[in-house]
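Shown next, in structure tokens, is the structure this report addresses.
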Amino acid sequence: AQRVTQPEKLLSVFKGAPVELKCNYSYSGSPELFWYVQYSRQRLQLLLRHISRESIKGFTADLNKGETSFHLKKPFAQEEDSAMYYCALSLIMEYGNKLVFGAGTILRVKS
Amino acid sequence: DVKVTQSSRYLVKRTGEKVFLECVQDMDHENMFWYRQDPGLGLRLIYFSYDVKMKEKGDIPEGYSVSREKKERFSLILESASTNQTSMYLCASSLFGAGYGYTFGSGTRLTVV
């Protein structure tokens, strides 16, 4: 079955420390993966997608098919990075696509 | 700049009431989705629609129905609200294709008492 696992409910780091939010997936096809972020009192928004191989707000994520992982990384955490982060896997269906989300990880950056 | 609009930010309803949650998008997206967001469970798909009058069940459709009479509008209906349907409900839309992300609404926090 298709599944996304985010093993950490909460990740707490100090400002300036490196951040790695873990995401593992289970999918037999070719995966399309995303990271979404929800800041306090804001709507859920797309942070980055693996297909574009971009860096947004200093975050990067590399798809590792061998380890079935798509971890989100940032070398130096900032206080404004504190938010809820969701990893998501896109599933293609006959008439469209849908996203399967992990349970989410709260990132707390302490000063 | 708001592209996906959910009609209510907060709702309080009584057990047994019929509840309508409305969502409108202005991006001409084919796909629309309803999720519920619960702590520790992430986002779970209730229903989705890939075209007008078309709908598909998601992972947790029990107790819900949907309506899509126009491309821009997707409604979620709780036929008889129950306390276990207290949750944050998120609407989203996207273009067709695996590489496209979703655009989310700001959510409706529903409390059933």
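The values are calculated or read from the model by the stated rules, or taken from the named source; none is laboratory data. This is a predicted model, so every value here is computed, not measured. As a convention, Cβ positions derive from the backbone with ideal geometry for all residues, glycine included, and neighbour counts pool all protein chains shown. Accessible surface is based on the protein model in full, side chains and every heavy atom, while ligands, DNA and RNA are left aside. Shrake-Rupley method; radii C 1.70, N 1.55, O 1.52, S 1.80 Å.
Which ones in segment A:76-111 are open to solvent by 60 Å² or more (accessible area, probe 1.4 Å) and within 14 Å of chain B (Cβ to nearest Cβ)?
Of all residues in segment A:76-111, those open to solvent by 60 Å² or more (accessible area, probe 1.4 Å) come to A:76, A:78-80, A:92, A:94-95, A:106, A:108, A:110-111.
Matches in segment A:76-111: A:Ile92, A:Glu94, A:Tyr95, A:Ile106.
Any residue at all in segment A:5-13 that is β-branched (Val, Ile, Thr), in contact (Cβ under 8 Å) with a residue 24 or more places away in the chain, within 14 Å of chain B (Cβ to nearest Cβ) and closer than 15 Å to B:Leu43 by Cα?
So the first thing to find is which residues in segment A:5-13 are β-branched (Val, Ile, Thr), and the list is A:5, A:13.
Checking which are in contact (Cβ under 8 Å) with a residue 24 or more places away in the chain leaves us with A:5, A:13.
Retained after the next criterion (residues that are within 14 Å of chain B (Cβ to nearest Cβ)): A:5.
Now drop any that are not closer than 15 Å to B:Leu43 by Cα, which leaves A:5.
Yes, some residue in segment A:5-13 is β-branched (Val, Ile, Thr), in contact (Cβ under 8 Å) with a residue 24 or more places away in the chain, within 14 Å of chain B (Cβ to nearest Cβ) and closer than 15 Å to B:Leu43 by Cα.
Which of the following residues is modelled with pLDDT under 95, more than 11 Å from every other protein chain (Cβ to nearest Cβ) and more than 21 Å from B:Tyr102 (Cβ to Cβ): A:Lys65, A:Lys73?
Details: A:Lys73 fails: modelled with pLDDT under 95.
Selected residue: A:Lys65, the only one of A:Lys65, A:Lys73 that is modelled with pLDDT under 95, more than 11 Å from every other protein chain (Cβ to nearest Cβ) and more than 21 Å from B:Tyr102 (Cβ to Cβ).
Before we move on, is B:Gly97 on the phi > 0 side of the Ramachandran plot, within 14 Å of another protein chain (Cβ to nearest Cβ) and modelled with pLDDT of 95 or more?
no
The rows are residues; the columns are (1) of a type in the set (D, E, K, R); (2) farther than 14 Å from B:Thr103 by Cα; (3) in contact (Cβ under 8 Å) with a residue 24 or more places away in the chain.
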position	(1), (2), (3)
B:Gln25	no, no, yes
B:Met32	no, no, yes
B:Pro39	no, yes, no
B:Arg44	yes, yes, no
B:Tyr47	no, yes, yes
B:Leu76	no, yes, yes
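Quick check on my filter: what residues within segment A:58-75 are open to solvent by 30 Å² or more (accessible area, probe 1.4 Å), under 22 Å from A:Ser12 (Cα atoms) and not in a loop (DSSP other than H, G, I, E, B)?
Passing the criteria: A:Thr60, A:Lys73.
Do the conditions hold for A:Leu47, that is, is it part of a strand (DSSP E or B) and more than 15 Å from A:Leu107 (Cβ to Cβ)?
Answer is no for this residue.
Working carefully through the options A:Val100, A:Val4, find the one that is among the β-branched types (Val, Ile, Thr), assigned to a strand (DSSP E or B) and touching a Phe, Trp or Tyr at 6+ places or on another chain (Cβ under 6 Å). Quick ask: steps written out before the conclusion?
Working: A:Val100 fails: touching a Phe, Trp or Tyr at 6+ places or on another chain (Cβ under 6 Å).
Every option except A:Val4 fails the conditions.
Might you check whether a residue that is of a type in the set (A, V, I, L, M), within 25 Å of B:Arg14 (Cα to Cα) and open to solvent by less than 70 Å² (accessible area, probe 1.4 Å) occurs anywhere in segment B:57-70?
Looking for residues that are of a type in the set (A, V, I, L, M), within 25 Å of B:Arg14 (Cα to Cα) and open to solvent by less than 70 Å² (accessible area, probe 1.4 Å), one finds at least one in segment B:57-70, hence yes.
Taking A:Ser12, is it modelled with pLDDT of 95 or more and in a strand (DSSP E or B)?
Yes; evaluated as a whole, the condition is true for this residue.
With the checklist (1) modelled with pLDDT under 90; (2) within 14 Å of chain B (Cβ to nearest Cβ); (3) closer than 19 Å to A:Lys98 by Cβ in hand, flag the one item A:Glu54 doesn't pass.
Tallying (1) modelled with pLDDT under 90; (2) within 14 Å of chain B (Cβ to nearest Cβ); (3) closer than 19 Å to A:Lys98 by Cβ, A:Glu54 fails exactly one: (3).
Going through B:Arg9, B:Arg36, B:Arg14 one at a time, which residue ends up being more than 10 Å from chain A (Cβ to nearest Cβ) and in contact with a helix residue (DSSP H, G or I) (Cβ under 9 Å, 6 or more places away or on another chain)?
Exactly one of B:Arg9, B:Arg36, B:Arg14 is more than 10 Å from chain A (Cβ to nearest Cβ) and in contact with a helix residue (DSSP H, G or I) (Cβ under 9 Å, 6 or more places away or on another chain), namely B:Arg36.
Among the candidates A:Ser55, A:Ser28, which residue alone is open to solvent by 40 Å² or more (accessible area, probe 1.4 Å), out of contact with any helix residue (DSSP H, G or I) (no Cβ under 7 Å at 6 or more places or on another chain) and more than 13 Å from A:Val4 (Cα to Cα)?
Only one candidate passes the filter, namely A:Ser55.
Among the candidates B:Ser87, B:Ser106, single out the residue that is at the interface with another protein chain (Cβ under 8 Å from one of its Cβ atoms), touching a residue at least 40 places away in the same chain (Cβ under 8 Å), touching a Lys or Arg at 6+ places or on another chain (Cβ under 6 Å) and of a type in the set (Ser, Thr, Tyr).
B:Ser106
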